[in-house]
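**Q** Take this structure first; my questions come after.
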Amino acid sequence: MLVSASDAEAYCRWQGAGLRLPSEAEWEKTARGDGGRIFPWGDSWDATRLNSAASGIGGTTAVGRYPRGARPYGILDAVGNVFQWTSSVLPDGRRVMKGCAWDDDPGLCRPAFRHGRPPGSRHILFGFRCAADVFR
């Protein structure tokens with residue numbers, strides 16, 4: 001929370017091992033899976049699988065609180081809790097953010113939702129995750 005895109009990138013670099021912010025395409029593929037699910041868990045809305053406005057919590061929750069919302073890859077909180085920075089840049093220079101936050105309604109709480117923010121923006125609804133290249 002209260003982390004800018006450059007803060008998030010710096011953290012990933014600090015962690016080492018080639019970590020970085022995921023691109024929009026990587027983030028969405030991880031959140032939706034090979035079949036392009038509407039939600040990380042499938043194609044039907046289920047408010048018990050994420051922290052959104054429907055939870056009534058009114059703030060962030062610890063990662064792991066919603067294990068039933070996990071992707072088959074084990075990724076938690078792909079939607080809900082906080083919007084997540086990506087490395088992708090829109091033509092106007094804003095950075096692409098994916099997912100939704102704890103104050104959003106079902107129509108926004110899906111991996112395909114995207115919006116842009118200036119890369120220096122910080123907000124209680126902004127977060128990130130680091131990614132690494134995986135070769136098979």
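**Q** Please go through (1) without any contact (Cβ under 8 Å) to a residue 12 or more places away in the chain; (2) on the phi > 0 side of the Ramachandran plot for residue 134 and return the number of the only condition it doesn't satisfy.
**A** (2)
**Q** Looking only at segment 32-45, decide whether some residue is part of a helix (DSSP H, G or I) and touching a residue at least 40 places away in the same chain (Cβ under 8 Å).
**A** Yes: segment 32-45 contains one or more residues that are part of a helix (DSSP H, G or I) and touching a residue at least 40 places away in the same chain (Cβ under 8 Å).
**Q** For segment 70-93, give me each residue that is in a loop (DSSP other than H, G, I, E, B) and either under 16 Å from residue 114 (Cβ atoms) or touching a strand residue (DSSP E or B) at 6+ places or on another chain (Cβ under 6 Å) (or both).
**A** Passing the criteria: 78, 79, 80, 82, 90, 91, 92, 93.
A quick yes/no check of all residues on (1) in contact (Cβ under 8 Å) with a residue 40 or more places away in the chain; (2) surrounded by 15 or more Cβ atoms within 10 Å (Cβ to Cβ):
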{"site": "58", "(1), (2)": "yes, no"}
{"site": "66", "(1), (2)": "no, yes"}
{"site": "81", "(1), (2)": "yes, yes"}
{"site": "92", "(1), (2)": "no, no"}
{"site": "99", "(1), (2)": "yes, yes"}
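**Q** Select from segment 75-94 the residues that are more than 14 Å from the chain's Cα centre (by Cα) and not acidic (Asp, Glu) and write down the one among them that is nearest to residue 24 (Cα to Cα).
**A** Among them, the one singled out is 89.
A short reminder: the numbers here are calculations on the coordinates, not readings from a lab. Predicted model, so just to flag it, every value in this text is computed and none were measured. We place every Cβ from the backbone using ideal geometry, glycine too, and count neighbours over all the protein chains shown.
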